[in-house]
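What follows is a short report on a single structure.
The values are calculated or read from the model by the stated rules, or taken from the named source; none is laboratory data. Bear in mind the structure is a predicted one, so any value in this text is a computation, not a measurement. Cβ placement follows ideal geometry from the backbone for every residue including glycine, while neighbour counts extend to all protein chains displayed. Note: accessible area is taken over every heavy atom of the protein model, side chains too, but ligands, DNA and RNA are not part of it. Shrake-Rupley method; radii C 1.70, N 1.55, O 1.52, S 1.80 Å.
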Amino acid sequence: MVNLRLKMIREQRLGVCILLGFILFAEVILHKDIFKEGEIEFQELPLEWQNVQSDKNNYEPVQSNLKPFNPNSLSKEQWLQLGFTERQAEVILKYKKKLGGSFTSKLQLKECFIITERKYKELEPFLLIDAHYAFKQTEDKKTINYKIKKFDPNILKSDDWISMGFTEKQAEVILKYKKTLGGNFVSKEQLKKCYVISENKYKELYPYIVINETVNRKVEHLADVTSPRHEIIKKDLNSTTYKELWPLVKDAYIINRILKFREALGGFVSVDQINEVYGISKEVSEKLVTYYKIDISKVEKIDLKLCTEEKLKKHVYFRKYKDVIVKARSEGKDPVTVLKQTDPAYELMIKYIK
């Protein structure tokens, strides 16, 4: 009886051991990846789970002579020189790759979780990233050989800009910039202000730029004419354009004021009205009086008996008479009679009335 009980106990123990062994084997099979060190590659993990949080604040001090830099062109070694650890540099490069290969704004770099607020503030003043345009640089960029000749930037097409060493994207930006200026560059300085043209590139192009050469020669010729036998061919001030005014005025603000004043008047009725433009110099006004005439047929005239109060309010000369004109009309009087003949602009106002 005793032997039977001992035999049963041994069998139970054996069964328990076998069961435990089976459970242990199953656990090993189900969690075998835990025991394979190094099998999971770093780049396969999501960026936010990469094991770099422990050294997030472990930055080396940056040299005080830090210069402006483009983070899109930095190698791993160059990030190390900025004070990042090797692992941090790897994370930044992987993050840039995830964005499509380049940072297109400073904010994108700031959002890289490995860069603390303190570190970003240290680097931010030196970052060279434009918020609107970012041009991707390919690692296998080839050197382009080109030869520059004299050119007029107003007639160049995209392929012409590319042939002078610009990228396709840069060429598009230059053409769009020209369009915002009214369709033409009127000075070399305007071309210089196009941000995709670097200071060095502008210096390279400067000797070859020719803008409005024909127009400028005509203006210089007219300015040198002093003999009575030479007749100056005058243009109409009521139909002249920004481009035509530039050679004489050469001031964008004054040209825009001239055109806006003309619009507010409905057209000039006298070339002397040019002196009423705010900020215009005596020298410029004399040039315009010399080389421009007035075609009064292009002036928009007003019927004081029928025009709206809004139209009276907007007109340079009639706005101050708006109330008395409206009152005269309501009383059945001729509104012209309320205009003061002692007004310095009286003779001009009469020319605007139908």
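Quick look at the values:
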quantity: Restricting region 280-297 to residues that are part of a helix (DSSP H, G or I) and polar (S, T, N, Q), the residue that is farthest from the chain's Cα centre (by Cα); calculated: 297
quantity: Output for region 310-354, where each listed residue is small (Gly, Ala, Ser) and in contact (Cβ under 8 Å) with a residue 24 or more places away in the chain; calculated: 345
quantity: Filtered residue count, region 262-279, keeping only those that are open to solvent by less than 30 Å² (accessible area, probe 1.4 Å) and either touching a residue at least 40 places away in the same chain (Cβ under 8 Å) or outside any helix (DSSP H, G or I) (or both); calculated: 8
quantity: Residue within region 262-272 that is within 30 Å of residue 178 (Cβ to Cβ) and of a type in the set (Gly, Ala, Ser) present; calculated: yes
quantity: Count - residues of region 330-350 that are assigned to a loop (DSSP other than H, G, I, E, B) and either open to solvent by 90 Å² or more (accessible area, probe 1.4 Å) or charged (D, E, K, R) (or both); calculated: 8
quantity: Enumeration of residues in region 194-220 that are at pLDDT 80 or above and not aliphatic (A, V, I, L, M); calculated: 194, 198, 199, 200, 201, 202, 203, 204, 206, 207, 208
quantity: When residues of region 235-261 are limited to those that are among the hydroxyl-bearing types (Ser, Thr, Tyr) and part of a helix (DSSP H, G or I), the one surrounded by the fewest Cβ atoms within 10 Å (Cβ to Cβ); calculated: 253
quantity: Considering residues of region 171-209 that are outside any helix (DSSP H, G or I) and among the hydroxyl-bearing types (Ser, Thr, Tyr) only, the residue most open to solvent (accessible area, probe 1.4 Å); calculated: 195
quantity: Residue in region 289-306 that is in contact (Cβ under 8 Å) with a residue 12 or more places away in the chain, open to solvent by 40 Å² or more (accessible area, probe 1.4 Å) and closer than 30 Å to residue 189 by Cβ present; calculated: yes
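To keep it simple, each residue is scored yes or no on (1) surrounded by 10 or more Cβ atoms within 10 Å (Cβ to Cβ); (2) modelled with pLDDT of 75 or more.
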{"residue": "25", "(1), (2)": "yes, no"}
{"residue": "36", "(1), (2)": "no, no"}
{"residue": "53", "(1), (2)": "yes, no"}
{"residue": "59", "(1), (2)": "yes, no"}
{"residue": "93", "(1), (2)": "yes, yes"}
{"residue": "114", "(1), (2)": "yes, yes"}
{"residue": "117", "(1), (2)": "no, yes"}
{"residue": "120", "(1), (2)": "yes, yes"}
